1. Among the residues that make up the range 28-37, is at least one of them surrounded by fewer than 19 Cβ atoms within 10 Å (Cβ to Cβ), touching a residue at least 60 places away in the same chain (Cβ under 8 Å) and acidic (Asp, Glu)?
2. Go through the range 14-57 and give me each residue that's out of contact with any helix residue (DSSP H, G or I) (no Cβ under 6 Å at 6 or more places or on another chain), in a loop (DSSP other than H, G, I, E, B) and either under 25 Å from Tyr187 (Cβ atoms) or aliphatic (A, V, I, L, M) (or both).
3. Tell me, which residue of the range 174-216 that is aliphatic (A, V, I, L, M) and part of a loop (DSSP other than H, G, I, E, B) is surrounded by the fewest Cβ atoms within 10 Å (Cβ to Cβ)?
4. Only one of Lys14, Lys22, Lys48 is of a type in the set (Lys, Arg) and surrounded by 19 or more Cβ atoms within 10 Å (Cβ to Cβ). Can you tell me which?
5. Enumerate the pairs (first residue in the range 185-207 and touching a residue at least 12 places away in the same chain (Cβ under 8 Å) and over 13 Å from Asn115 (Cβ atoms); second residue anywhere and within 14 Å of the ligand (Cβ to nearest atom) and among the aromatic types (Phe, Trp, Tyr)) with beta-carbon separation below 8 Å, excluding pairs fewer than 6 apart on the same chain, so at least 6 apart or on different chains.
6. For the range 141-173, which positions are of a type in the set (D, E, K, R) and assigned to a loop (DSSP other than H, G, I, E, B)?
Amino acid sequence: MNRIVLVGPPGAGKGTISELLKYDYNLPTISTGDILRKNVALATDLGKQAKAFMDKGELVSDHLILDLIADRLEEEDAQKGYLLDGFPRNVAQADALDEMLTKKGAKIDYVIYLNVPDEELIRRITSRRVCSVCGATYNTITKPTTKDGVCDVCGGDVIQRADDTEETVRNRIEVYNKETHPLVAYYQQKGILSEIAADAPLEEVYERTQAVLGVE
Ligand code: AP5
């Protein structure tokens with residue numbers, strides 16, 4: 001049980017659940033969204049190419065994503081397994097991942113599908129805040145910072161993500177339904193997908209996830 005994919009619409013809780021799993025299962029989290037945001041902040045070539053797509057809530061080109069994933073999966077900490085958050089994002093990316101792993105005699109062990117209704121997604125995302133320094137995630141409704149706008153973990157500025165406006169979120173959900181949701185059937189056919197009703201308090205969603213993976 002080493003390679004785990006988290007699939008779900010924007011705001012389903014992929015990042016939040018993977019942060020919990022990371023400690024309990026001692027696996028690195030690989031979030032393509034986080035890697036892209038770091039590149040945007042540093043104004044790298046990748047960041048410059050990705051920014052316009054991200055701001056509109058569209059997917060970044062497959063070739064850019066596949067290059068960054070191929071490099072990341074070669075890193076030492078990824079050799080005993082990982083949690084993939086936000087990748088793969090369409091069937092072409094899933095096929096490419098399959099091919100990369102098959103060459104190494106490896107495979108994805110679990111795919112966790114976090115299912116949440118659209119209106120709850122919009123509520124969660126428009127109230128999400130993130131630390132601009134360490135990336136800790138907050139929520140003005142369910143998990144506010146102790147001091148307004150200041151990260152509890154590192155004292156950095158807590159901000160709203162550029163793509164977390166209601167208009168962009170609605171587009172991200174449309175893009176998810178068209179491009180990413182087909183992965184549910186894709187991984188169901190492979191017999192490795194577990195669907196979790198994730199419209200519930202975080203503790204319950206996490207318990208349901210652990211029930212699928214087995215408690216370490
Ligand atoms: P990415 O960063 O992957 O964004 P996303 O998939 O839209 O997912 P989010 O990070 O918005 O949501 P999440 O499911 O992680 O929710 P979270 O745990 O934070 O991608 C951003 C962009 O990058 C894409 O639009 C695209 O442009 C590009 N990109 C990334 N990967 C790509 C790829 N592979 N190919 C092409 N392009 C790519 O939770 C949300 C909020 O809800 C938080 O405030 C949290 O505290 C709260 N919350 C969580 N769980 C609960 C709960 N159970 N109850 C109440 N509140 C909860």
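Any read-out appearing in this document is the output of simple, stated calculations on the displayed coordinates, not a laboratory observation. Please read all numbers here as calculations on a predicted model, not as lab measurements. So basically every Cβ, Gly included, is an ideal-geometry build from the backbone, and we count neighbours across all protein chains shown.
1. Checked the range 28-37: at least one residue is surrounded by fewer than 19 Cβ atoms within 10 Å (Cβ to Cβ), touching a residue at least 60 places away in the same chain (Cβ under 8 Å) and acidic (Asp, Glu).
2. Asn26, Leu27, Leu42, Ala43, listed by residue number.
3. Only one residue fits best here, namely Val215.
4. Going through Lys14, Lys22, Lys48 in turn, the sole match is Lys14.
5. Tyr187/Tyr113
6. The answer is Asp148, Asp152, Arg161, Asp163, Asp164.
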